[in-house]
Amino acid sequence: MKPLSFLIHFGYTQALACLFPVAIFLTLALSKIIPLSIIPRYDFILILCLLMQVFMVTAKFETWDELKVICLFHVIGLALELYKVHMGSWSYPEEGFSKLWGVPLYSGFMYASVASYMCQSWRRLHLTLVNWPPTIIAAITAAAIYLNFFTHHFIIDFRWILMGVVLLVFCRTIVMFTVNNQPYQMPVVVSFVLMGFFIWIAENVATFFGAWQYPNQEEGWHLVHFSKISSWLLLVIVSFLIVALLKHVKNQEAQPINFNQ
């Protein structure tokens with residue numbers, strides 16, 4: 001496939017997969033630009049996110065199985081948000097009826113949108129993972145990374161050690177995908193880095209529109225520090241591993257993970 005043709009087809013597929021994240025960004029932008037006098041902004045965002053989720057399922061952009069994965073990410077993301085806000089890592093300064101211990105419930109949709117993108121990309125690009133490590137190792141790696149988001153406030157931050165573990169565990173794993181019926185491949189570690197970087201860019205857009213606020217942004221918006229890329233990289237790895245493990249358990253016919261190569 002010619003490079004231009006590849007970019008067009010790949011871009012179109014990615015645009016469809018990003019439908020939920022784009023809807024969230026548009027909601028954040030519109031609610032920031034247009035004053036809301038009837039309902040608090042956080043509650044308005046939550047309502048639109050719920051409506052978008054209903055649309056995604058009823059219009060068959062997402063399957064019911066994918067919705068289950070997305071709901072799991074709501075729980076995982078909200079638990080992390082509650083802890084991080086409590087520890088002062090970031091805040092949600094605006095008022096809202098749907099805030100729980102300082103965290104608006106719409107925040108779970110930001111994590112769910114990442115899961116939505118991964119699920120849809122997996123389905124639309126017909127992803128297959130070759131040389132996937134043993135399930136127990138992948139599960140332990142994901143759990144250790146997620147736990148580190150909580151424990152680094154009290155003990156040493158193991159993120160760089162965990163990145164080394166990820167590189168060691170997944171150095172042979174290849175992502176196989178299809179664009180316009182043409183097969184392609186990429187080392188899974190490279191895909192982790194790319195997704196982490198683009199989510200960091202999305203984070204800058206989100207904080208610009210007031211989705212949340214870091215301590216150094218209280219007096220005005222500033223570019224999110226580059227060190228946050230490592231945090232998003234680790235979160236992407238956790239998200240990818242969860243989706244991959246659930247896909248392997250559920251989808252026996254497609255066999256998305258190949259343990260034999």
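The values are calculated or read from the model by the stated rules, or taken from the named source; none is laboratory data. Please read these numbers as outputs of a predicted model, since none were measured by experiment. So basically every Cβ, Gly included, is an ideal-geometry build from the backbone, and we count neighbours across all protein chains shown. Just the protein is used for accessible areas: all its heavy atoms, side chains included, with ligands, DNA and RNA removed. Shrake-Rupley method; radii C 1.70, N 1.55, O 1.52, S 1.80 Å.
For Phe240, the conditions (1) more than 17 Å from the chain's Cα centre (by Cα); (2) under 19 Å from Arg123 (Cα atoms) all hold with the exception of (1). Go over the candidates Ser107, Ser91, Ser113, Ser98 one by one and state the one that is touching a helix residue (DSSP H, G or I) at 6+ places or on another chain (Cβ under 7 Å), over 23 Å from Phe197 (Cα atoms) and among the polar types (S, T, N, Q). The match here is Ser98. One residue stands out in region 212-230 among those that are part of a helix (DSSP H, G or I) and open to solvent by less than 20 Å² (accessible area, probe 1.4 Å): the one that is modelled with the lowest pLDDT, namely Gln217. If I ask for residues that are touching a residue at least 60 places away in the same chain (Cβ under 8 Å), open to solvent by 30 Å² or more (accessible area, probe 1.4 Å), part of a helix (DSSP H, G or I) and not hydrophobic (A, V, I, L, M, F, W, C), which ones from region 71-91 would you list? Answer for region 71-91, where residues must be touching a residue at least 60 places away in the same chain (Cβ under 8 Å), open to solvent by 30 Å² or more (accessible area, probe 1.4 Å), part of a helix (DSSP H, G or I) and not hydrophobic (A, V, I, L, M, F, W, C): just Tyr83.
Evaluating Leu82 against the criteria (1) farther than 22 Å from His153 by Cβ; (2) of a type in the set (A, V, I, L, M); (3) at pLDDT 90 or above leaves one unmet condition, (1).
Look at region 7-18: where a residue is in contact (Cβ under 8 Å) with a residue 60 or more places away in the chain and a partner is open to solvent by less than 40 Å² (accessible area, probe 1.4 Å), sitting 6+ places away or on another chain with Cβ atoms under 6 Å, you get His9/Val179; Phe10/Val179; Ala17/Gln120; Ala17/Ser121. Within region 166-190, the set of residues being surrounded by fewer than 17 Cβ atoms within 10 Å (Cβ to Cβ) and either within 26 Å of Tyr83 (Cα to Cα) or charged (D, E, K, R) (or both) comprises Arg172 only. If the condition is being over 25 Å from Tyr92 (Cβ atoms), open to solvent by 20 Å² or more (accessible area, probe 1.4 Å) and outside any helix (DSSP H, G or I), then region 16-70 contributes Ala59, Lys60, Phe61, Thr63. Residues that are open to solvent by 10 Å² or more (accessible area, probe 1.4 Å), of a type outside the set (Asp, Glu) and part of a loop (DSSP other than H, G, I, E, B) within region 93-106 comprise Pro93, Gly96, Phe97, Ser98, Trp101, Gly102, Leu105, listed in sequence order.
Quick check on my filter: what residues within region 1-15 are under 16 Å from Gln120 (Cβ atoms) and either open to solvent by 50 Å² or more (accessible area, probe 1.4 Å) or not in a helix (DSSP H, G or I) (or both)? Scanning region 1-15 gives His9, Phe10, Tyr12, Ala15.
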